[in-house]
Amino acid sequence: MSYLTPKSVFLWLCLWSLPVFAINTIQISSEHSWAEKFDAKELKTYVQLTSGDLKLSGTAAQITLAEPLNQLRNVTFECTKAAWLTDAFRCQSGSLQFSHPELGQQQIQFSLDVSTEGEQYDIQLKNLRLDGGTVSLDISLDEQHWDANIDAQNIPLSALQKWLPQFLDKQYIDVVNNWQPQGQISVQARLDGNLLGVLSATAKWQLADLGFSNTTASQVAENVTMQGDIVLHNTDNTWDIVAVSSFTAGQVYSDPIFVDLSTSAMELSIEGKYESGLNHWTLADIKLTQPEQFTLEATAEITDNMPTKVEANVTVKTLSPFYSTWLKPFMVGTAAADLQLSGQVSSSISWSDKQHQLSATLNNVSLVDSEQRYKADKLNGELVWTNSDKPLNGYLSWQQAKLYAVDIGAGSLHTQTVKNGFKLVEETTIPVLDGELQINQLSLQQQEDKQITWSFDGLLLPISMESLTQTLDWPTMHGKLSGVIPHVRYQSQQLTIDGALQVKVFDGTTVIRDLRLTDPLGVLPQLYANIDITELDLALLTKTFDVGKITGRVSGAVHNLRLSDWKPVQFDATLETSEDNPGKRVISQRAVDNLTQVGGGATGMISRSFLRFFDDFSYKRLGLSCYLRNDVCEMAGIEDADQGYYIVKGGGGLPPWIDVIGYTRRVDWADLLERIKAVQNSSGPIIE
C-alpha cells in the first residue's frame, strides 16, 4: 500500500468488522504515507479483536507533524480499549512513545474520542515530560470551537527557552537568552477559541526559584517566588485583562534599587484592555502594594509601547523604610544621600506627553541628615509642581529646623507653581537664633536643560554674636550680625550673593562681599568671599580670645578667601593699627610673648630681663599679614626689620616701649594653627 489516509483506514476497519469474516488481527503497513500536516515513514498499524474490546497498536520510524513539534522518531502507540463505530472512534486508554530532538524520550498516556459526523474531537494527554516537569492536556474541538485545559507542573524555564524560536523574533530571543532565566513554572490554564484564535483564557501560575541576570548585572533576581491569576477575554480583537500576582520570597536588584521580597513582599494587580489592531493599552486599574511601606494606584494609556497618559497616587505608610528602599539609591552623592526620616507622605502625578502635574502632601514628616548638616521637625504641607500655565498653590510649614549648628524657628512658606517654576506669594519671616531672616522674594525655575535655578531677596535682622559664637562653639564675641541681602542666586550648583553682609562685632564693622558658595550641601562645598574689617576694638577682641590684653583699634581685610569643605585653603589677610582712629595703644607682657610665638621669635625674653617689672608697654603700631597658598602662609608685619619684620613697633605713648619682631617668613598652615592654639592655651609668661 503506497498511501494511507484516514478514509482508507476507516474502510479497512469497516470491512474487518463484518461478522462473516473470522478475523482476529489486521496489519496495515506502509513505507511512506501522508495526510494533511502529517507524514509517516515505515508505518505499521495493528488492529486486534480481544474479548469485548478492540486493540490498536502501531509503530513508525518517523512521523512529521506541523510546527512546533516537527519530527517524532521511533514512534510506538497502543490503545487497549478502543471502539470503532460507524460515526465515531474512541480510545479510552492509550500510550504513545517517541523520541524528539527537544523533548527527548517520551512515554505519554492518552485518550481519544472522535466523532466523524460532527468533526468533534476530545483528546487527553498526560505526563509529557519537560526536563523534570510534566504537562497534561485536555483538548476538545469541533468545526467551530475548541477549548483546552493545561496542567503544567515544575517546568524549568530553560526547557521553555528551546521553543522560543517557534514563537518570537530573533531580537526578543536574544534578549531572553542574555538574561539567563532560571527557575520552574507551574500553570493551570483553560483556553477557549475558534478558527480565528483564542477567545478567552484563565490561568493560575506559580514561579519558584526564579533567577536572572542581564549581561551588565544591572537587572538581577535570585530565588524569587511568585504566583498569580490572569483572566483574558477577546472581543473583536480587543482583550479584556484582569491579572493579580504576588511576590513573596527572594531578592531583586534593578539598578539602583534592591528589594528583599522575603522580608517585604509585594502585590501587583492590573485591570485593563488591549486593542491589538491599534497596539493600544488602556490600563484602568493598576495597584502595587508593599503592605508595610506603600500603596500605588494608577491608570495608564500606552500606544505602540510608549506611555501617552499616566495618573497615579502613592500613599507612603512608613517613610523610613520607603526612603531606604525606593529613594536612597537615587540620592548617592547628593545632600539627601543618608537621612533619618519619619512621618507619612501621599503623592499624586498626572502626566501626558504634553503636560504634567505632581503633588506631595506631608504629614508630620521629620528628617535628620546623618552628617548633621541639616534637620527639620514636623514638616506639614502640600508641595506642588506643574508645567501647565494654570497656577497651583502650595504651602510648607515646620516646627523647628537646623542648618549645620544654626537653629531655625517655626515658620511657613506659601507658594504658587506654574510653568516648571514656583514663587513665594507673600513675604515671610523665619526665626534664626535670636534674630530673623526676612524673605521678600523667593523663586525657583527648572530650565530647559533640567537644571534648577533659584533666587531670593531678603534681610538678615540682627543676630547677636554671643548667640552665634556659642552655637558655632567659638570664643564668645559681642555685637550684632545683620545685613541686606538684595539678591541671592543659585545656578549650576553655585550660590552667589549680590550686596554685602554687615557684622557689628568688637565695636567695629566687618563687611562680607562677593560671597559665593558652590555645592553647598554636597561632599566638598567651596566658599569664596572678600571681607573688609574696620576699626575693631582690640581690648574687646583680646578679652574674647584671652591672648593677653591689647588696646587700640585695627582695620584690615581678608581678600580672595576660599574655604574647601569649610577649611581655609587660600586668602590674603592683613590686620594693622587703624590710621584714622588708632585709639590708646597698650600691650601686655602676655600679649607680647604670644605675638612673638606666632611670629616664630624666641619667647620668654621679657621675663628674663628688667622689663619683667612692667605689666604693660606702649606701642606705636602693630600688624600682621598672612598670604595663604598651597598650605603655606607667607607672613609679614607692618614693616621690615633686620632678619625679620615688625609685628609691634614701640612708641606712641609713655615708656616703656617694646618692639616685637617675627622671624618666620614661611610657615606651614598646620604649624601656624598649632602656634595659635598654643597661644590660646597659654597662661602667660612666668616672671622670676
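Quick notes on this one:
- Residue selected from the stretch 87-140 under the condition within 22 Å of Leu164 (Cβ to Cβ) and acidic (Asp, Glu), by the criterion nearest to the chain's Cα centre (by Cα): Asp131
- Some residue of the stretch 553-567 being surrounded by 17 or more Cβ atoms within 10 Å (Cβ to Cβ), of a type outside the set (Gly, Ala, Ser) and assigned to a helix (DSSP H, G or I): no
Matching residues to (1) over 25 Å from Ser262 (Cα atoms); (2) assigned to a strand (DSSP E or B):
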| residue | (1), (2) |
| --- | --- |
| Leu288 | no, yes |
| Glu301 | yes, yes |
| Val310 | yes, yes |
| Phe322 | no, no |
| Pro329 | no, no |
| Thr334 | yes, no |
| Gln357 | yes, yes |
| Asn363 | yes, yes |
| Gln372 | yes, no |
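- Among the residues of the stretch 109-123, those that are more than 13 Å from Cys79 (Cβ to Cβ) and part of a strand (DSSP E or B) comprise Ser115, Gln120, Tyr121, Asp122.
- Lone qualifier among Val523, Val511, Val503 - being in contact with a Leu (Cβ under 9 Å, 6 or more places away or on another chain) and either surrounded by fewer than 20 Cβ atoms within 10 Å (Cβ to Cβ) or within 27 Å of Asp659 (Cα to Cα) (or both): Val511
- Within the stretch 102-135, being over 27 Å from Thr86 (Cα atoms) and touching a residue at least 60 places away in the same chain (Cβ under 8 Å) holds for one residue alone: Glu102.
- Residue in the stretch 300-315 that is under 18 Å from the mean Cα position of the chain (by Cα) and within 30 Å of Asn380 (Cα to Cα) present: yes
- Flag if Asp138 is among the acidic types (Asp, Glu), touching a residue at least 40 places away in the same chain (Cβ under 8 Å) and surrounded by 13 or more Cβ atoms within 10 Å (Cβ to Cβ): no
- Residues that are surrounded by 16 or more Cβ atoms within 10 Å (Cβ to Cβ) and over 18 Å from Ser366 (Cα atoms), drawn from the stretch 330-349: Ser348, Ile349
- Residues that are of a type in the set (A, V, I, L, M) and modelled with pLDDT of 85 or more are absent from the stretch 161-182.
- Residue in the stretch 470-491 that is surrounded by fewer than 18 Cβ atoms within 10 Å (Cβ to Cβ), modelled with pLDDT of 85 or more and under 30 Å from Lys677 (Cα atoms) present: yes
A quick yes/no check of all residues on (1) part of a strand (DSSP E or B); (2) touching a Cys at 6+ places or on another chain (Cβ under 8 Å); (3) within 28 Å of Trp146 (Cα to Cα):
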| position | (1), (2), (3) |
| --- | --- |
| Ala40 | yes, no, yes |
| Ala61 | yes, no, no |
| Leu69 | no, no, yes |
| Leu72 | yes, no, yes |
| Glu78 | yes, no, yes |
| Gly94 | yes, yes, yes |
| Gln107 | yes, no, yes |
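- Elements of the type strands (runs of 3 or more DSSP E) sitting completely within the stretch 141-242 and holding at least 2 residues that are under 28 Å from the mean Cα position of the chain (by Cα) and under 28 Å from Glu271 (Cβ atoms): these cover 197-213, 219-235.
The values are calculated or read from the model by the stated rules, or taken from the named source; none is laboratory data. If you're wondering where the values come from, they're calculated on a predicted model, not measured in any experiment. A quick note on method: Cβ atoms are made from the backbone with ideal geometry, for glycine too, and the neighbour counts reach across all protein chains shown.
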